[in-house]
Amino acid sequence: MSVLSLVRTPIFVFSGLRRFRWTPTRAWIAIFAFWLFLLTGITHEFGAGSPGLLQYSRLNGLLRDRQRSLAESDAEIEKVEAESALLEKSKSVLEREVRKTMGYVGENEMIFDFSLSQSATLRR
């Protein structure tokens, strides 16, 4: 093959297009190819066409994230409801939680605080 035969000039390209014939099969293939191109959603970024498959995959990912966070929230709610039911049933558990969170002291009880900030202040 010569180098000249490898080079395609516009004249040869257009002469090839002149030989092209539209058949019903080629027309349908072109229509379906264009339709699939629009479905991909590539044209949506340029302001034309529907969001297509790209938007569909993004929304499905967002849906999975929201469902996961909803499941985590539901598990947390069940845990809090179980703890609430336990606090309502048992007076000793309720008393222990009140003492722990609010720092209440019962009768004849003494509190010793050995935290660093308090002990450093007392040493001075």
Is segment 99-117 home to any residue that is modelled with pLDDT of 80 or more and assigned to a helix (DSSP H, G or I)? yes
Do the conditions hold for residue 26, that is, is it of a type in the set (D, E, K, R) and either modelled with pLDDT of 80 or more or not in a helix (DSSP H, G or I) (or both)? yes
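The values are calculated or read from the model by the stated rules, or taken from the named source; none is laboratory data. Note that this is a predicted model, so its numbers are computed, not measured.
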